[in-house]
Amino acid sequence: MKNMNNPRPAGSLGSVRVRLDWEGSRAGSSDPGFRRTVPISRLAVWLALAALTLSSAQARQAPPETRTSSYAIQVELLPEERLLEGNQVVEWRNATGKPAGELWFHLYWNAWLNNRSTWLREDSLRSRPRSSLRNPGPGDWSYSRVESLKVEAGGPFQESDRTSAMVFASPDDGNPDDRTVLVVPLERPVQPGETIRVSIGWKAKIPRTFARTGFRGNFFFIAHWFPKLGVFQADGSWNCHQFHAATEFFSDYGNYDVRMTVPTDWKVGATGVELGVTENAGGTSTHRYRQEDVHDFVWTTSPDYREVRRRFDHPGLDPVDIRLLYQPEHQGQVDRHFRATEEALKYYGLWFGEYPYGHLTVVDPAWRSGARGMEYPTLYTCGTRYFSPFGGGAPEGVTIHEAGHQFWYALVGNNEFEHAWLDEGINTFATARVFEAAYGKRAPVYRFFRGFFPVMIPEIQAGRIQNSRRHRFLAVARGEIQATPTYLYHPSTAGATSYTKTALWLLALERRLGWDVLKRILSTFFENSLYRHPGPGDFFQVANRVSGQDLGPFFEQVFHRDKVFDYSVESVSSVKVETRGYVDKDGQFLLLAEASDAQDSEKTSALYETTVLLRRLGDGILPQDVLLRFEDGEKFRTRWDGKNPWKLYRLVKPSKLDYAAVDPDLTNPLDVDFTNNSRRLEPQANLPATKWALKWLIWLQDYLQTVVSLL
Amino acid sequence: MDARTHFLAGLRLVLRTPSLLAWVYFTTLVVAFPLALAMKHLLQGSFEGSLVEDNLRRGFDLSWYEEFAAGSSGLGKTFGPRVVGILPVLSNLERLLDGKLHQVDPAVAGAGIVMVLAWSLLLGGILGRFAHEEEPHSRSGFLARGGLFFWRFLRLSAISGLLYWGIFRGIGQPLHGWIETATRDATVERTVIIYTVLAYALVGLLFLATQLVLDYARISLVVEERRSVLLALFRAMGFVKDHHRAVLGLTLLLAAAALLWFLAYAWLAPGPNQSTWTAVLLAFSLGQAYLLGRWMLKLWFLASQTRLFASSLPQAPPAEEWEEPPMENNPTATY
């Protein structure tokens, strides 16, 4: 990230049009703040601040050194124009040992500036592009324009306007048309330990929802919306990637104090706690929210939201005030949203560590807003349908998953540009585990008539492996090396590689090490990584240390290589032992020349020689349990190191083999073919094959009759 | 003309001609069965010998299915949990209303074409039987009449294909596209559901109305022994217009019967958990009972409509003896 490719002027940047009467932050204070007090009840503000302070005090404190980037933002939403106009003061502390001569900012909304951006180019590579710009309307594009940028006077810094010095950079792909990274050269570098304050005036056009941000009708979900600093690294470079179709975010922790002006009577949900609301002239109100020790700030507003608040209480865990903003048509699903959130808070809290913020906003986004299923600090979106049968996994699954991201990503702030698997994979694994603990198995739901009408098949059950989305992994089992930085994944396979593969190999670890060990690995990693930016090595180190095993070879195969696991039972046989030749029997020396002689001799003690041939069909190697079950019920269990391409077992037993199975307990969910893991001596496929073919026949007959119904 | 009278007369007619039901049912079965055998072979080959057999015997195995689906192509792609219970019926209804009946595996589409040809061959005999119930009938006469009208029905099928294309692709698809555009800023799913249901209802009504006219055109072809498909079509339109109350009443009664049958099967349709041969055959039989009932409804439609149409004629169609025409004049001789 040291090199800027194609730095270029950031365009003609006019003067800032300050619509709001915010005057910036207090010089010299540790946090960005506000000089002007909002004209609402001072008592209310102080009470709210006191409550927040008390809440924070009770929670697990973030180490002060993790507060690196803090923001005070004032923004006005112009709903008709789909515009945001904002000012912000960014306070950044150089926590490294290297000077920083530049500041690098993300301007995420420029990903949808035009169809030449890196995001849209990459999105078009998907088999099914998620971009809603396939048929763009004139109001659907977006932009993020920095109109002024000044270094504020303070400490060693003189006030200086850096607006004309700004350039765009494309560090990842050199795309000259991408404007999602803005570089600001400084007149004076920020030396280690120094803090710089920068005030920025900006304007942003809100997109039709992309990557969970934007508008639909009068629903606004405003995410990754303001000029946001990258992460300055210990090697003296900025980690500030372009916005990619397959990646999410990475930021430092800090404090946010944000005032949002929206039409009066529109409900607002945001990261943090609301400190107060001011009514302005012109039918708008300003909502002030504040949150410490988070790495992002998101907000949403709509006149249609309805609101319910409840408190999560569980013995041994801190209470959490949950606020649900839901769509009126989902009134009947309010309890389901709360229950799923509470189950997540409970199990994640008990398994990994407590949720420290004390409050949580759950957003049920508008229909097809594209904002469903996304996590931000202290706020997440879930997503449901008008018809959503209980037992089918929605909205429970997505709610648990996004609530889980409060732990894996909001609190453990890994770099999603480079190692998205760390939060997405761990969280997908945990989601499936929580879902099963809370609800049991899930029944598949099939949707008809443009997806509006669901039919659930309760007799079919989806368990942990299915809920980890194994079917996606099967398509990409060989194709993406997980250690590759996430932003370099192919957009079509990134999800399966980050989410599914990790969830499956964590399930493999759980089944091999035991849940207690894996839980300790995850909780230790969680504890060590709170409010920090752990990398893959941190996880592997903890896993080795806590398990007391060298898991390196395992991670080498699943993470650093694209090894495919496929063990099979190639063949089985059980043949009656028939001795031929000379034998000593009953004091006589006999020649058993014919089969009948042998049978006569051995009929009271028939033995069967069972032969089982196992194969390793993939290049992935893991020790395998092997189970041989005999017709008399006897079980022979052994372990194969799985290294050689094949392994032959030959046993003589008084009974024929019933079946042989390799990895009978499915301890390796990464095996791409469970079906060939077992083999019967006497296949019994006729009944099930007939049964399912007959069901299919009914479908086909019905299809033919439907064709005839046209005639 | 009382719709209820013809509704009941149609039912009596169908019940008195079980052989027709047997013809159409077994024709479908014969067309479908080879593919079902191929599917059985595919399925059996995918799990034979594996312990997955047990899971698939007791119920379904999603892990196996994920692997099967990942490695399948062609006919194998048409298999999935959507063959359970009422889902196959809904799948086909959805295909019909979305105008996507042709978007299937080529083998299945081929079976569909064979079925269209077979139906076109049988329909003449069926309608002739309904129109001339009192006459003596024979299998050869049935087939001869089918042969006689085969090409006319095929020509009419070509016209109906164009009409249905117009309805499903020319109206249905743009309508749903319009809904997509019109509700681009809708934040309430219920609103879009209502629009979608209305769109399906409109397409369904257009389909039923067209089908109604085409049914009477086919009946006109047979009852009035017309050669011109176009004239039969105009005749049918005129008939529907002149007797709209009776036509509508009869259609509503028949549609209600069809809906009841569908709901009954939706309630009773067996799930995936049959683990013995007896249970498997019972479940299959229930499915076949539904399909038989569906055929019966189709014949009931045709019989009632034929009776209604025949009763509208100035005089009943002449009770001519249907005899095997001399070979040299018999246009069906090639069949």
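List of remarks:
- In plain terms, the bigger the Kirkwood radius, the slower the diffusion; for segment A:430-522, with that radius from Cα pairs, at 10 °C and 1.306 mPa s, Stokes-Einstein puts D at 106 µm²/s.
- Each residue of segment A:363-371 is assigned a 3J(HN,Hα), and the resulting list reads 10, 9, x, 5, 3, 6, 6, x, 9 Hz, derived from the Karplus form 6.51 cos²θ - 1.76 cosθ + 1.60 (θ = phi - 60°), x at Gly and Pro.
- Acute angle (nearest 10 degrees) that the helix A:515-529 long axis makes with the longest principal axis of chain A, alpha-carbon atoms: 20
- Mean residue ellipticity (222 nm) of chain A, computed from DSSP H runs ≥ 4 via -39,500 (n - 2.57), nearest 500: -7000 deg cm²/dmol
- Structure-based [θ]222 nm, chain B - -39500 (n - 2.57) summed over DSSP H runs of at least 4, per residue, nearest 500: -25500 deg cm²/dmol
- Structure note, pairs A:K695/B:K77; A:K563/B:K77; A:K346/A:K501; A:K576/A:K656; A:K441/A:K635: Cα-Cα distances above 19 angstrom occur for A:K563/B:K77; A:K346/A:K501; A:K441/A:K635.
- For the protein assembly as shown, average projected area of the Cα convex hull in nm²: 55.0
- Rh (Kirkwood; distinct C-alpha pairs) - chain B, Å: 22.4
- Theoretical FRET efficiency, 1/(1+(r/R0)^6), r = Cβ-Cβ of A:R116 and A:S573, R0 51 Å, to 0.05: 0.20
- Taking a Cβ cut-off of under 12 Å around A:W367, the surrounding Lys, Arg, Asp and Glu residues balance to a net charge of +1, with basic ones at +1 and acidic ones at -1.
- Exposure proxy ranking, count of Cβ atoms within 10 Å, fewest first, for B:L35, A:L551, A:L107: A:L551, B:L35, A:L107
- Centroid-to-centroid, using Cα positions, segment B:248-271 and segment A:157-180 are 67 Å apart.
- Per-residue Cβ neighbour rank within 10 angstrom, fewest leading, B:T191, B:T78: B:T191, B:T78
- Segment A:487-530-segment B:58-83 distance, computed between alpha-carbon centres (Å): 28
- Where a label projected 7 Å from the Cα of B:R190 along Cα→Cβ would reach, residues of segment A:364-407 with amide N under 13 Å: A:386-387
- Dipole magnitude for chain A: computed about the Cα centre from +1 point charges on Lys and Arg Cβ and -1 point charges on Asp and Glu Cβ, it is near 1080 debye.
- Relative contact order for chain A: 10 percent, from Cα pairs under 8 Å spaced at least 6 residues apart, divided by residue count.
- For chain B, the longest principal axis of the alpha carbon atoms and the long axis of helix B:62-71 meet at an angle near 70°.
- Comparing A:Y439, A:T300, A:S251 along the charge dipole axis of chain A, the residue lying farthest to the positive side is A:T300, per the Cβ-charge model.
- If R0 equals 25 Å, the separation of the Cβ atoms of A:L350 and A:R309 corresponds to a calculated FRET efficiency of about 0.60.
- Residues of segment A:200-221 with amide N under 20 Å of the 7 Å Cα→Cβ point at A:K267: A:213-221
- Length-normalised contact order for segment A:318-418 - Cα pairs under 8 Å, 6+ apart - percent: 30
- When Rg and the Kirkwood radius Rh are both evaluated on Cα atoms of segment A:555-711, their ratio Rg/Rh stands at 1.20.
- A Stokes-Einstein calculation at 4 °C with viscosity 1.567 mPa s, built on the Kirkwood radius of segment B:1-70 over Cα pairs, returns a diffusion coefficient of 81 µm²/s.
- With respect to chain A, whose longest principal axis is taken over its alpha-carbon atoms, helix A:536-547 is tilted by about 50°.
- Counting neighbouring beta carbons within 10 Å and listing from fewest to most, the residues B:T210, A:T286 come out as B:T210, A:T286.
- Measuring nothing but how far apart in sequence close Cα pairs (under 8 Å, 6+ apart) lie, relative to its length, segment A:561-711 scores a relative contact order of 27 percent.
- Projected onto their three principal axes, the Cα atoms of segment A:107-211 cover extents of 52, 27, 22 Å, largest first.
- Neighbourhood charge, 14 Å Cβ-Cβ cut-off, centred on B:L35 and excluding it, Lys, Arg +1 and Asp, Glu -1: +1
- Shape class for segment B:44-118, computed from the alpha carbon gyration tensor (a ≥ b ≥ c): prolate, with a/c not under 1.5 and a/b above b/c.
- Placing unit charges on each Cβ (+1 for Lys and Arg, -1 for Asp and Glu) gives segment A:141-193 a dipole about its Cα centre, and among A:G155, A:Q191, A:N175 the Cα reaching farthest toward its positive end belongs to A:G155.
- Among the trypsin sites (Lys or Arg not before Pro) within segment B:126-184, those in coil by DSSP and having at most 15 neighbouring Cβ atoms inside 10 Å are B:R184.
- Cβ-Cβ FRET estimate between A:L627 and B:L37, R0 fixed at 45 Å, reported to 0.05: 0.85
- Using the Cα coordinates of segment A:229-354, the gyration tensor eigenvalues translate into equivalent-ellipsoid semi-axes of 28, 25, 15 Å, sorted from longest to shortest.
- Charge sum, other residues only, whose C-beta stays under 14 Å from A:P328's C-beta, Lys/Arg counted +1 and Asp/Glu -1: -2
- Taken as Cα centroids, segment A:442-456 and segment A:334-382 sit 24 Å apart, rounded to the nearest whole angstrom.
- Ellipsoid equivalent to segment A:298-436 - semi-axes via the Cα gyration tensor, in Å: 22, 17, 15
Taken together, the values in this text are just the output of simple stated rules run on the coordinates, not laboratory data. No experiment lies behind these values; they were computed from the predicted model shown. Quick reminder, even Gly has a Cβ in these numbers, built from the backbone with ideal geometry, and neighbours come from all protein chains shown.
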